[in-house]
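Below is one structure; the comments refer to it alone.
Values in this text are rule-based calculations from the coordinates and carry no lab data. Computed from a predicted structure; not experimentally measured. Counting neighbours? That spans all protein chains shown, and the Cβs are built from the backbone with ideal geometry, glycine included.
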Amino acid sequence: MYLTRKQSLQALTDMKKFNDKLRALFSDFDMNLEADLGRRNILLSGAQEKFFAESLRSKFPKTRSNGRTGEPDIVIPKLNKELECKLTTRYQSTGALSFQSDSMSFEDRPEGLDFLYVVADEAFELFAVLHFEGLMRDDFHNESPGSRGRVRMKKHCGMKKCNVLVGSVEDRREKYIRRYRHELDTTLKQRTTRIAHLECRMANEAPYKAKKTRSTIARENLRFLKKAAHLEGKIHAWTEKPSSYTVNLENINGEEKCQNLTCAT
């Protein structure tokens, strides 16, 4: 891993300053920078390349980014690395994220390609920085009709190659498996405790009361087993699903603010 959290935070700070000045300029002309977040991100994409390249120069002095069409976004000669930069924001309609690339970026790159995805919220205050190393064309979906060469990352493949530098990423599949396994364990312990209590009570009861308690034990046992089977079904269902992810954005000023975004598959 050649990009650090410290370098990322410095680049984000510079990007935020640039965004603030750009927002003020738009406001001077009675325009709203956030009215179209896609256009906003296009305007900030050059700043992402510039400021992350500057941060990388602290360790790799010959790092460059010229911004020319058809050229790599960032080149690190010492490492023989090219870094593709992407700035993205959640879909306003669904709250989901989609990490995309140009399909042609992988031509003549059998060794794969590194990507730097910066995720920003609408106000450009909360961020995540995800650094992917060695992504291959197979880590992305096929082109969709009308996509104009853009392809979406397969998160269950790409996230295995991700270094999370700012913010955090949570695997929803693992999250729910852990939750339902905990609930299953709790249910089975409750069953054991409940049945043991009833059996102890039954042992000291008169025959006619013991008969009723025996029926209660059967009902309670069935109730717990049904609940356990339901939880086991949920665990199995999530185990069969591919991983899906939630990206948690971080306030780089250290304030207690965050935002959870679900990645598209």
- Between Asn32 and Leu79, 0.36 nm times their residue separation minus their Cα-Cα distance comes to what? 12.9 nm
- Note on the structure: Of the candidates Thr216, Gly167, Gly233, the farthest towards the positive dipole end of the chain (Lys/Arg Cβ +1, Asp/Glu Cβ -1, centred on the Cα centre) is Thr216
- Give, rounded to the nearest 20 debye, the magnitude of the charge dipole that the stretch 37-133 has about its Cα centre when Lys and Arg contribute +1 at Cβ and Asp and Glu contribute -1 at Cβ. 360
- Given backbone amide H placed at 1.01 Å from N, residues whose amide H is under 5 Å from that of Asn248, ignoring those fewer than 5 places away on the same chain, are Ser168, Val169, Glu170, Leu261
- If the cut-off is 21 Å between C-alpha atoms, which lysines fall inside it for Lys160, apart from same-chain ones fewer than 8 positions away? Lys81, Lys86, Lys175, Lys241
- Query: Using θ = phi - 60° and the Karplus form 6.51 cos²θ - 1.76 cosθ + 1.60, what ³J(HN,Hα) does each residue of the stretch 59-64 get, whole Hz, x for Gly and Pro?
  - Reply: 10, 10, x, 8, 4, 9
- Translational diffusion of the chain, µm² s⁻¹ [Kirkwood Rh, Cα pairs; Stokes-Einstein; 4 °C; 1.567 mPa s]: 59
- Label-point separation in nm, Thr13 to Lys209, each point 7 Å along Cα→Cβ: 7.4
- Message: As a test, work out the antiparallel percent of DSSP beta bridges whose residues both lie in the stretch 69-119, rounded to the nearest 5.
- Response: 35
- With an 8 Å cut-off on Cα pairs and a minimum separation of 6 or more residues, tell me the relative contact order of the stretch 174-240 in percent. 54
- Query: Against the longest principal axis of the chain, how steep is helix 37-57, in degrees 0 to 90 to the nearest 10, with axes from Cα atoms?
  - Reply: 80
- Zone of Val169 (label point 7 Å along Cα→Cβ, backbone N under 16 Å): which residues in the stretch 1-26? 1-5
- Task: Give the relative contact order (percent, whole number) for the chain; include only Cα pairs under 8 Å separated by 6+ residues.
- Result: 18
- Residue-averaged 222 nm ellipticity for the chain, from DSSP H runs of 4+ at -39500 (n - 2.57), nearest 500: -15000 deg cm²/dmol
- Where in the stretch 208-222 does the label zone of His197 land, with the point 7 angstrom along Cα→C-beta and an amide N cut-off under 16 Å? 213-214, 216-222
- Along the principal axes of its C-alpha atoms, what lengths does the stretch 174-240 span, in descending order and rounded to whole Å? 50, 15, 8
- Task: Determine, from the Cβ-Cβ distance of Thr4 and Thr246 and an R0 of 25 Å, the FRET efficiency 1/(1 + (r/R0)^6), rounded to the nearest 0.05.
- Result: 0.60
- Considering only DSSP beta bridges where both residues belong to the chain, give the percentage that are antiparallel (nearest 5). 80
- Item | the stretch 1-37-the stretch 184-215 distance, computed between alpha-carbon centres (Å) | 64
- Message: How big is the dipole moment of the chain about its Cα centre under a simple scheme where the beta carbon of each Lys and Arg is +1, that of each Asp and Glu is -1, and everything else is neutral? Debye, nearest 20, please.
- Response: 1740
